[in-house]
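The values are calculated or read from the model by the stated rules, or taken from the named source; none is laboratory data. Keep in mind the model is a prediction, meaning the values are calculated, not measured. Glycine gets a Cβ as well: all are built from the backbone with ideal geometry, and neighbour counts include every protein chain shown.
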Amino acid sequence: MEGFALFEFDQLTEGERKLIGAAQHATKLSYAPYSNFLVGTSLLLEDGSIVYGANQENASYPLCMCSERVALYTKSIQSPDKKILMMVVAAKKDGVFVPAACCGACRQVMIEYEQRQNLEFGVIMQIKPQKWLKCRSASVLVPFQFEFSG
Ligand SMILES: [Zn+2]
């Protein structure tokens with residue numbers, strides 16, 4: 001395994017399916033009147049708690065913020081000392097859950113969170129109808145990543 005694999009929903013663990021449900025629930029917190037593309041994120045922390053994120057849009061489009069980064073930044077403020085074990089991203093369009101992959105900017109932020117907590121975390125996202133991509137680490141999603149070398 002190169003660090004990622006595709007799974008049917010039923011092949012995922014009960015805990016993973018629960019986190020997918022949490023990410024899907026988080027799409028209700030999305031503010032996306034311009035794209036109508038609702039994205040939700042759930043982060044499982046080491047104490048079992050879940051932090052949610054949802055995309056937040058703005059009439060000035062470049063100011064929009066992705067669900068993943070909303071979740072990560074919220075975690076930094078609410079639970080700064082707790083490590084992330086798993087991240088799940090879900091998307092909804094026209095009332096139906098649809099495949100969506102994390103953007104490059106979020107992937108870069110995700111790997112720095114891994115570096116900060118000195119622990120990789122799993123990432124799950126639906127990338128095809130009925131197919132979920134499970135990665136052992138966010139770093140798998142960003143080869144040749146940018147790192148600050150001071
Ligand atoms: Zn993003």
Hey, does the range 72-93 have a residue that's out of contact with any strand residue (DSSP E or B) (no Cβ under 7 Å at 6 or more places or on another chain), over 25 Å from G21 (Cβ atoms) and modelled with pLDDT of 95 or more?
-> yes
Residue list for the range 53-86, restricted to those being crowded, with 20+ Cβ neighbours inside 10 Å and more than 15 Å from the ligand (Cβ to nearest atom) | K75, I84
Restricting the first residue to the range 37-52 and requiring it to be in contact (Cβ under 8 Å) with a residue 60 or more places away in the chain, which pairs with a second residue that is of a type in the set (S, T, N, Q) and surrounded by fewer than 24 Cβ atoms within 10 Å (Cβ to Cβ) meet a Cβ separation below 7 Å and a spacing of at least six or different chains?
-> V39/T27; V39/S30
What is the one condition in (1) surrounded by fewer than 12 Cβ atoms within 10 Å (Cβ to Cβ); (2) within 16 Å of the ligand (Cβ to nearest atom) that K28 does not satisfy?
-> (2)
E57 in contact with a Cys (Cβ under 6 Å, 6 or more places away or on another chain) and of a type outside the set (A, V, I, L, M, F, W, C) = yes
Scanning the range 94-107 residue by residue, the ones that are surrounded by fewer than 17 Cβ atoms within 10 Å (Cβ to Cβ) and free of Cβ contacts under 8 Å to residues at least 40 places away in the same chain total 8
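Among the listed residues K128, K134, which satisfies the condition of being surrounded by 17 or more Cβ atoms within 10 Å (Cβ to Cβ), of a type in the set (K, R) and under 22 Å from A5 (Cα atoms)?
K134
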Residues that are surrounded by fewer than 18 Cβ atoms within 10 Å (Cβ to Cβ) and among the hydrophobic types (A, V, I, L, M, F, W, C), drawn from the range 1-25 | M1, F4, A5, L6, F7, F9, L12
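So which strands (runs of 3 or more DSSP E) are wholly in the range 1-60 and hold at least 3 residues that are over 20 Å from L72 (Cβ atoms)? Full working, then the answer.
Values: elements: 4-7, 37-45, 50-54.
Passing ranges, in order: 4-7.
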Is there a residue in the range 95-115 that is away from the ligand (no atom under 14 Å from the Cβ), over 16 Å from L19 (Cβ atoms) and in a strand (DSSP E or B)?
-> yes
Checking L133 against (1) within 16 Å of the ligand (Cβ to nearest atom); (2) closer than 14 Å to S42 by Cβ; (3) in contact (Cβ under 8 Å) with a residue 60 or more places away in the chain, which single condition isn't satisfied?
-> (2)
